[in-house]
1. Is it true that Asp194 is open to solvent by less than 60 Å² (accessible area, probe 1.4 Å), charged (D, E, K, R) and not in a helix (DSSP H, G or I)?
2. Do you know which residues across the range 242-277 are within 23 Å of Phe302 (Cβ to Cβ), open to solvent by 20 Å² or more (accessible area, probe 1.4 Å) and part of a helix (DSSP H, G or I)?
3. Under the condition of being of a type outside the set (Val, Ile, Thr) and more than 16 Å from Asp78 (Cα to Cα), which residue from the range 296-307 is surrounded by the most Cβ atoms within 10 Å (Cβ to Cβ)?
4. For the range 270-322, what are the residues that are under 12 Å from Asp92 (Cβ atoms), of a type in the set (D, E, K, R) and in contact with an Asp or Glu (Cβ under 9 Å, 6 or more places away or on another chain)?
5. Would you check if there is a residue in the range 283-295 being in contact with a strand residue (DSSP E or B) (Cβ under 6 Å, 6 or more places away or on another chain), touching a residue at least 12 places away in the same chain (Cβ under 8 Å) and open to solvent by less than 40 Å² (accessible area, probe 1.4 Å)?
6. Could you give me the residue pairs with C-beta distances under 6 Å whose first residue belongs to the range 211-226 and is modelled with pLDDT under 90, whose second residue is surrounded by fewer than 10 Cβ atoms within 10 Å (Cβ to Cβ) and assigned to a helix (DSSP H, G or I) wherever it lies, and which are 6+ apart or on separate chains?
7. Being surrounded by fewer than 18 Cβ atoms within 10 Å (Cβ to Cβ), among the hydroxyl-bearing types (Ser, Thr, Tyr) and assigned to a helix (DSSP H, G or I) is the requirement here; does Tyr216 meet it?
Amino acid sequence: MTNSVENILDRSADRAAKATPEGVARRIRGLSDRAVAWLFVSPTILLLLAINIFPLIWTIQLSFTNYRANRPNAEIKDVGLRNYERILTDEDIWLSMQTTAHFVIWTIVLQTVIGFALAYLIDRKFRGHAFWTTVILIPMMLSPAVVGNFWRFLYQPQIGLFNYIVTFFTGGDPSSFQMLGDVDLAPWAIVIVDTWMWTPYVMLICLAGLRSIPDYIYEAAEVDRAGPWRRFWSITLPMALPFIMLAVLFRGIENFKMFDMVILLTGGGPGSITEVASITLKREAFEAWRTGYSSAFAIILFVAVFGLANIYVKALNRVKER
């Protein structure tokens, strides 16, 4: 069987070699390995330049102008740093950034704590752990649109199950509060949904970290009569910390640009209490049509995320070097 496959491949290679023009074949044979590598990589690099680099450069250029996408024929004026000054002194922008920070911090804290706890329990390999792992991973496999509509139905004060579950333990009236309509509860409603959906992702990364710890370290600790808590604080947590920090990095970047879940659940309301930075950016760009202004806002968000991520990666590298 193996010989027949090799013969087929050899015949295919011979046909391809015969079909290649002699001049082209001679030039290819004269290329070095480095040149051949660049020949294969260059289409991908050109595609990345077209999709990522060019839009970024164009956005930077637009951020210094008064350009409006709904007025393509209007005169484009260079306004310098005026867009950036207006953004950095706009109270509404700072409110949306505070809302984003509240969302990012609380979701990261909850997802990290719950995700690591679940990973630690599953790593014990109790009976049926594979089944429960599959069940826990289900929310992560769903589409954000499905999750948003599903939880919007659960949050309904009259027919939703969430209010009935809460009042079952508190003894209140199910229609006495609205998770999505209350100014104080709406931000926490989004935090709950995002935590429910993405905690399994953090759990998987933490589980990979726990499974990477060699067994002989625990065996040596048992020989030294180290107790369970001592083994956890001295071995498990320090060796799993790089994986935990990696999960925090991934979730922090994703939650900073959260858009779809908030739009589906609250649309930024009630009022603007759940209007995160991405929704503000969308409204400035595609509702107010202040393209130059929104481009400057996008650049500020990009620099903020990129700068914080670089600082965090340096801290992560220091932890990994220990």
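1. On the way: open to solvent by less than 60 Å² (accessible area, probe 1.4 Å): yes; charged (D, E, K, R): yes; not in a helix (DSSP H, G or I): no.
No; evaluated as a whole, the condition is false for this residue.
2. Hits for the range 242-277 are Met245, Leu246, Val248, Leu249, Phe250, Ile253, Glu254, Phe256, Asp260, Ile263.
3. Phe297
4. Answer for the range 270-322, where residues must be under 12 Å from Asp92 (Cβ atoms), of a type in the set (D, E, K, R) and in contact with an Asp or Glu (Cβ under 9 Å, 6 or more places away or on another chain): Glu275, Arg283.
5. So far as the range 283-295 goes, yes, one or more of its residues are in contact with a strand residue (DSSP E or B) (Cβ under 6 Å, 6 or more places away or on another chain), touching a residue at least 12 places away in the same chain (Cβ under 8 Å) and open to solvent by less than 40 Å² (accessible area, probe 1.4 Å).
6. none
7. Criteria met by Tyr216.
Every residue, every condition in (1) of a type outside the set (Val, Ile, Thr); (2) in contact with a Leu (Cβ under 9 Å, 6 or more places away or on another chain); (3) within 21 Å of Met141 (Cα to Cα), yes or no:
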position	(1), (2), (3)
Ile190	no, yes, yes
Leu207	yes, yes, yes
Asp215	yes, no, no
Arg251	yes, no, yes
Glu275	yes, yes, no
Trp289	yes, no, no
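The values are calculated or read from the model by the stated rules, or taken from the named source; none is laboratory data. Worth saying up front: this structure is predicted, and the values here are computed from it rather than measured. Cβ atoms come from the backbone with ideal geometry, glycine included; neighbour counts cover every protein chain shown. Accessible surface is based on the protein model in full, side chains and every heavy atom, while ligands, DNA and RNA are left aside. Shrake-Rupley method; radii C 1.70, N 1.55, O 1.52, S 1.80 Å.
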